[in-house]
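Taking it in order: structure first as structure tokens, then the write-up.
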């Protein structure tokens, strides 16, 4: 009987090993003597593949989002993750979404029919009396790719880096990010620091409108139309950059509880205006005299603090988070997000869980937000009637049901209801504007199917 | 307004200093519950990514949990 | 306890998609044999033969069973006891392990159990012995004070031998030898987590054996760690150490692996180590020898080029 090495990966370190007793080989001999195994040769030639390298894991999800009378969107995500030996993780994600429908253009409702020019300059659309003006030409398709690599760079030090590319018909976004996390106190505490940088280019159809230029309304078939329309434009594209810094601290409180605290600082520079949004210019009776393109500052500094806590009850888990955000546009917001995970055990023939979800969101308006401009007032430096930077309250309620299907794959369904209500931040409503809805609401249904395999 | 900001930014260091206390945390063999998937901070990353996209395009705030970033023309 | 164990000796046969699973209890653990075949008769036959062998070994070497050979040897310490060839071979194997570990692994260390009681978990009913108690117990430990040859074994008075550290793994290997004689279908024998396979599954597929990831501890980086599945094509896998058997004193955790030289638990050892080797008994001993190295456990296995997973 001779000393036998049994695993295939022992070519390295042979020189070092010769000085030590080859315990493995000695044991092989002792084992052969004990078991009297004639099949020792078989064991020797066999491959034992004990590997930490896992197979690819895939997640696929489809989400359908539909607002009442407004935007509908479909979004599909395909995520592939592979864990290599030494816990290196490669994550690749493909996102495809398509959006279509109508979106508020920023103008106020009127007791009369209103006519607007499409953002492209090609044609017009009418809005019925009393209706919130919606631009129904919204449609877009987006493809996004993300790659992220995570690995241990030293004991307790995990580093991660990623790339991002997103392309729409009229928009291109390129991004990079990096993160480092340090574990200490028996890995009960983790400090992390990260940065990300995005460079976006916007090429809207019809070009970039001139801030506060009047929307050209008339017959787009007239020979002078194109020339006149071009006068309201300042270029064909513009860009913006976003730089984020994120500091995080995670602490295990006890066997049942975990907390995370984040602080983020975000600097956005460049073209932050929405080229599709306008404001109504009204007289003292609230009657529209003109529509002008909105104008926003070319920089924004956002900061936020975020706290999240997970608590494990006997079987259920409560996940609650709170975020406070503030920026130099004087927008502040509070977000509370909570999930409750209820394992149902095998009660439906397979392992399953139920997960109710509740989210509350409230924001104050940007300092330059106004629902309309009075023609008697001097023109402000910046103005936008985009309800998304106005005062609002929103909530989401949802329910998710997940179950294990064949081979431990997970299938889950999620249904959510999102309701957003714009509120009056105290603007005076002259004349006819008293009788129309200035602050409308958006109600949406979100349905999602996820399959992980 | 300014007072409110200051007050809130002060919360972080206070929380960190209190959580740095030695009585916190668990021994490695007490991680049975913490090791469960539902006890991870981002237990459903796909849901989170989809939600982030919805809220990023509908509200003025983004990020906080992770990077808020740009990345799409939906806002 | 022993009577109850024997009363529990039932064999359960379950049909799976393309295999039969035979479950039973032995050596205080849930056990399972999986044969990848739709032949029910074969499954029953395998179940009968394997359980008979495993229970035979349990009855022969269980030191808690007063009728076992092990108990007879221990109760007659000071006088020679006749042994058979199997016991002689096990003693020879134990001797190898003693030599290879420079005395750290010693099947005569059973006497130390009188001083140590590992109930684990709740630190309240922890019993921590005094050095005097440990020294007293240690005086009855020492492989060199045991004389044996092919016919008989003689323990010095007060001594005890304990085959517990090798018995289960030995039973896995024996069961596998018998299984191979009976069938060439793919078979897995799992005795409470120590397991071996006859070869790859049909179509050259591997057996998927789940192991708790050793480093699932970080709160934040957990996403970066996947559940680990060991793909076993052939060979065996054994785990040493037990997360539930330890005592805590003054904030220090003492595992149940004892240093046979000092009589004290090994400090700074991983909670458990899982090793892959051609035979289960090799895997088990390598895992135990590694644990005995304390904080150098991983280094020990790495230097020996052994595939392992440590859980700290």
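All of the numbers you see were taken from the coordinates with simple rules; none came from a lab. Note that the structure is a prediction, hence the values are computed from the model and not measured. Note: ideal-geometry Cβ built from the backbone for every residue, glycine included; neighbour counts use all protein chains shown.
I'd like the projected area of the range A:248-322, averaged over all directions, using the convex hull of its alpha carbons. Report it in nm² with one decimal.
The directionally averaged projection comes out at 9.3 nm².
Normalised by 2.2 N^0.38 Å, where N counts its residues, the alpha-carbon radius of gyration of the range A:84-189 equals 1.83. With coordinates expressed along the principal axes, the C-alpha atoms belonging to the range A:286-434 extend over 70, 31, 25 Å, beginning with the largest. Taking every residue in A:181-190 and counting other chain Cβ atoms within 10 Å of its Cβ, the average works out to 6. As a ratio to 2.2 N^0.38 Å, the alpha-carbon radius of gyration computed for the range A:399-453 takes the value 2.07.
Once the Cα atoms are used to define both axes, helix A:23-35 deviates from the longest principal axis of chain A by about 60 degrees.
Other protein chain C-beta atoms within 10 Å of residue C-beta, averaged over A:253-264: 6. The simple spin-label model puts a point 7 Å past each Cα toward its Cβ; for residue C:136 and residue C:157 those points are separated by 1.7 nm. Note on residue A:435 and residue C:15: their simple-model spin labels are 7.9 nm apart, each label 7 Å out from Cα toward Cβ.
Which FRET efficiency value, to the nearest 0.05, is calculated for residue A:165 and residue A:139 with the Förster distance at 30 angstrom and r the Cβ-Cβ distance?
Computed FRET efficiency for residue A:165 and residue A:139 comes out at 0.90.
Enter the mean number of other protein chain beta carbons within 10 Å of the beta carbon of each residue in A:444-451, as an integer. Could the numbers behind the result be given before it?
Values: counts 2, 0, 3, 0, 4, 0, 4, 0.
That works out to 2 on average.
With contacts taken as Cα pairs under 8 Å and at least 6 residues apart, the range A:70-223 reaches a relative contact order of 19 percent.
Sorted ascending by nearby beta carbons within 10 Å, beginning with the fewest, A:233, C:271 become A:233, C:271.
Among rounded, prolate and oblate, which fits the range C:47-156 when a ≥ b ≥ c are the square roots of the eigenvalues of its C-alpha gyration tensor, a/c under 1.5 means rounded, and a/b larger than b/c means prolate?
Values: a/c = 1.91, a/b = 1.30, b/c = 1.46.
Taking the square roots of the gyration eigenvalues as a ≥ b ≥ c, the range C:47-156 is oblate.
In plain terms, the chain from residue A:397 to residue A:100 could stretch by 104.5 nm, reckoned as 0.36 nm per residue minus the Cα-Cα distance.
Based on C-alpha pairs under 8 angstrom that are at least 6 apart in sequence, chain A has a relative contact order of 12 percent. Taking N as the residue count of the protein assembly as shown, its C-alpha radius of gyration divided by 2.2 N^0.38 Å amounts to 1.24.
Among C:282-291, A:342-351, how do they line up by average Cβ neighbours within 10 Å per residue, starting with the highest?
C:282-291, A:342-351
The coefficient of translational diffusion for the range A:232-275, derived via Stokes-Einstein from the alpha carbon Kirkwood radius under 37 °C and 0.692 mPa s, stands at 233 µm²/s. Semi-axis lengths, largest first, of the ellipsoid equivalent to the range A:207-333 are 48, 17, 13 Å, with √(5λ) applied to each eigenvalue of the Cα gyration tensor. Peptides A:420-426, A:292-298, B:59-65 ranked from most to least packed, by the mean per-residue count of other Cβ atoms within 10 Å: B:59-65, A:292-298, A:420-426. The Rg/Rh ratio of chain A, with Rg taken over Cα atoms and Rh as the Kirkwood radius over Cα pairs, comes to 1.11. Sorted fewest first by neighbouring Cβ atoms within 10 angstrom, C:148, A:413 come out as A:413, C:148. Computed from label points 7 Å out along Cα-Cβ, the spacing between residue A:84 and residue A:377 is 5.9 nm.
Using alpha carbon centroids, what distance separates the range A:79-123 and the range A:222-250, in Å? Cα centroid to Cα centroid, the span is 16 Å. You can think of it this way: the chain between residue A:267 and residue A:210 has 18.1 nm of extra reach, that is 0.36 nm per residue less the Cα-Cα gap.
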